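To start, the structure itself, in structure tokens.
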Amino acid sequence: MQNNFSWAKEEEYQLNRQHFPVVSKKQIKEVDTAFGYIWDHIISVEKGPSPVDARYLAYAYVLGITVVTNDIKMLAVAESFGIKTLKSLDLMKLMVECDHIDMPKVREIVS
């Protein structure tokens with residue numbers, strides 16, 4: 001991502017990628033184990049998502065939460081491990097349906 005989008009190198013976005021969910025010690029071990037399997041898969045099969053992406057996928061796998069991404073390779077890895085995903089536009093559609101945001105906000109985000 002950092003190679004394709006110059007804004008990804010901005011401090012705000014770099015700091016954002018340094019935060020992970022707070023979980024129990026047991027879950028940390030489970031995340032580490034899941035990360036190992038996911039990372040092995042990435043380096044041997046998918047060739048694309050970063051270690052940070054793999055760590056987020058591991059959290060999603062362990063916690064049973066949905067990952068929002070438009071990264072095709074990250075989506076492929078998630079599918080391989082049965083991790084739920086949404087693309088950004090799907091998330092925004094859901095947010096509109098729940099009256100969390102309106103269409104002008106969607107247009108602003110997309111632009």
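The values are calculated or read from the model by the stated rules, or taken from the named source; none is laboratory data. Everything quoted here is computed from the prediction, not taken from an experiment. Heads up, the Cβs are rebuilt from the backbone with ideal geometry, glycines too, and the neighbour counts pull from every protein chain shown. Keep in mind that these areas ignore ligands, DNA and RNA; they rest on the heavy atoms of the full protein, side chains included. Shrake-Rupley method; radii C 1.70, N 1.55, O 1.52, S 1.80 Å.
Each helix, a run of at least 4 DSSP H residues, gives -39500 (n - 2.57); summed and divided by the residues of the chain, these come to -17000 deg cm²/dmol at 222 nm. Take 53-64, 85-96, 32-43 and order them by the average number of nearby Cβ atoms within 10 Å per residue, most first; the result is 53-64, 32-43, 85-96. Remark: the residue 27-residue 11 segment gains 2.9 nm on full extension, using 0.36 nm per residue and subtracting the alpha carbon distance. Could you check which residue among 50, 80, 24 shows the biggest mean-square fluctuation in a GNM of the chain with a 10 Å Cα cutoff? Maximum fluctuation in the GNM of the chain, among the listed residues, is at 24.
Candidate cross-link partners of residue 93 among the lysines, defined by an alpha-carbon separation under 26 Å and a same-chain spacing of 8 or more, comprise 73, 84, 105. Fully extending the segment from residue 50 to residue 84, taken as 0.36 nm per residue of separation minus the present Cα-Cα distance, adds 10.4 nm.
Rounded to the nearest 20 debye, the dipole magnitude of the chain is 260 debye, with +1 charges on Lys and Arg beta carbons, -1 on Asp and Glu beta carbons, and the Cα centre as origin. The portion of the accessible surface of the chain made up by carbon and sulfur, rounded to a whole percent, is 55 (1.4 Å probe; DNA, RNA and ligands excluded).
Residues whose amide H falls under 5 Å from that of residue 101, counting only those 5 or more places apart or on a different chain, are 96, with hydrogens built in the peptide plane. Counting charges near residue 59 (Lys, Arg +1; Asp, Glu -1) among other residues having Cβ under 12 Å from its Cβ returns a value of -2. How high is the FRET efficiency between residue 111 and residue 91 when r is their beta carbon distance and R₀ equals 22 Å, given to the nearest 0.05? For R0 = 22 Å, the calculated efficiency reads 0.85.
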